[in-house]
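The values are calculated or read from the model by the stated rules, or taken from the named source; none is laboratory data. Quick caveat: nothing in here was measured; it's all calculated off a predicted structure. Cβ coordinates were reconstructed from backbone atoms using ideal geometry, including for glycine residues, and neighbour counts include every protein chain displayed. Just the protein is used for accessible areas: all its heavy atoms, side chains included, with ligands, DNA and RNA removed. Shrake-Rupley method; radii C 1.70, N 1.55, O 1.52, S 1.80 Å.
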Amino acid sequence: MMRLWLRVAILFLVTCPIMGCYDRLDIEDASFALSLGMDLDKNNKLLLFNVYPVFEKNVKKPFHESISHGGTFRKTRTQADAYSAGAFQARKAQVMLISRKVLQYHNWFELLDVFFRDAKNPLTIRMIAYDGPLSEIIDLNPQNQPMLPLLLRKMIDTKSARNETVSTTMQGLHWQMFEKGITPSISEVGLGKPEEIRLYGTALLDHRGKYKMSLDAQQSVLLKTLQNDAKKSASLTLTLPGVPKTGPLETNKISFSTNKVRTKTTTAYRDGKFQFDIQTKMKVELSEVLFPLDLRYTEKELEKILSAQLKKELEQLLQSFQKQSIDPVGLGRYARAYEYAEFKKVQDRWSEAFAKAEIHVSAKVTIQSSGPVRINHSI
């Protein structure tokens, strides 16, 4: 009996390494797609992009792109194999670029089925909207910047850490698409100066994935504030009423940074409408003042003015969401948690219910520091 168990143990130890290596692929035999993309041509035919690096010293272009006209992402693998030296792999993909033209159609999300169905595909890909034809950005080969997929991935990660955009992975987008209490939001980039990629901010989609509107960097900070998800340091610039401009110079601005943002949302249902009360508190440090602060306002007066201006901007942002019938803040989750009976009645058309909801906002800004420098201004 002991000999039998010994033979079984030896057989197990011998076969385990073989089982783990049966589908091994050497790196020199693989073509790893780092960037994927979806676009439409002039005739509204689907274009699928795959961009993968070329590890050769003598090549002028450090990456190669393959374009599939129509078909699916699984089909593009076969087409990419026909033009690459190695076997096409999407396991290391960093970003997924989606053009605005594609985002005008609500069923584009169905094209991502292979990523969720095949466990070998990554779900940490950053989802990015692009304002323009993808060929503009795919064909870029800037000499003073990293490779496009790495540049975009780093850009999204660093800017989302400062709350200037969102960092939505493919898995996160899947959750947003099927979560009835929120509408999706993804990063958005475009071209600024010639051959320079610029982060626009955040693209907002409806519950079916169709593009509705865009937010700039400051509005993205406000969105993260409303979500009570403002991480690390956040910066805002506000216009102060009653402070005149000096010619072409915008000397009526004040900027501050904060890493202490608290937002509390309470929910009720009255008079056939959902009621939301959003209270935001910020402890800030003044980082830029372009007018004679010490001669015009006391600290308490300035806190009241900043609170009023922040409240105004938050209200305007929420009104634009309601006008577009989208809920990127996720107030539907509060409605489900605290008014489930009423939410259940409208969960399949939450965007319509959100558009009719009453939302009240209050903001309190507390100045912790105005900086060590004092500049004497004359009025």
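What would the Debye formula give as log10 I(q)/I(0) at q = 0.10, 0.22, 0.25 Å⁻¹ for the alpha-carbon point model of the range 151-241, no solvent? With one equal scatterer per Cα and no solvent, log10 I(q)/I(0) is -0.27, -1.16, -1.36.
Solvent-accessible surface (1.4 Å probe) assigned to residue 360 amounts to roughly 100 Å².
Where only protein heavy atoms count, and the probe is 1.4 Å, what is the accessible area per residue for the range 99-217 in Å²? Write down the numbers at each step before the final one.
Details: 5370 Å² over 119 residues.
It amounts to 45 Å² per residue over the range 99-217.
How much of the accessible area of the range 249-379, probe 1.4 Å, is carbon plus sulfur, in whole percent? Don't skip to the answer; put the middle values down first.
Values: 3450 of 7550 Å².
Taking all protein chains in place, the range 249-379 shows 46 percent carbon and sulfur surface.
Taken per residue, the accessible surface of the range 295-337 reaches 49 Å², heavy atoms only and a 1.4 Å probe.
Tell me, what is the percent relative contact order of the range 213-336, built from C-alpha pairs under 8 Å that lie six or more residues apart?
Computed value for the range 213-336: 26 percent relative contact order.
About its Cα centre, the dipole of the range 272-371 is roughly 340 debye, where the only charges are +1 on Lys and Arg Cβ and -1 on Asp and Glu Cβ.
Say the cut-off is 21 Å between C-alpha atoms; which of 232/364; 253/323; 231/344; 101/312; 260/311 go over it?
Numbers: 232/364 19 Å; 253/323 28 Å; 231/344 32 Å; 101/312 33 Å; 260/311 17 Å.
The pairs that break the limit, which is 21 Å between Cα atoms, are 253/323; 231/344; 101/312.
If you model the range 313-371 as an ellipsoid using its alpha carbon gyration tensor, with each semi-axis the square root of five times an eigenvalue, the axes come out at 29, 14, 8 Å, biggest first. In the range 240-361, taking the dipole from charged Cβ atoms about the Cα centre, the farthest positive-side position among 310, 241, 256 is held by 310. Taking every pair of alpha-carbon atoms in the range 196-321, give the share separated by more than 18 Å as a whole percent. I get 62 percent for the Cα pairs in the range 196-321 exceeding 18 Å. In order along the range 223-235, the Karplus-derived 3J(HN,Hα) couplings, from 6.51 cos²θ - 1.76 cosθ + 1.60 at θ = phi - 60°, round to 4, 5, 5, 5, 7, 6, 10, 6, 9, 6, 8, 10, 10 Hz, and Gly and Pro are given as x.
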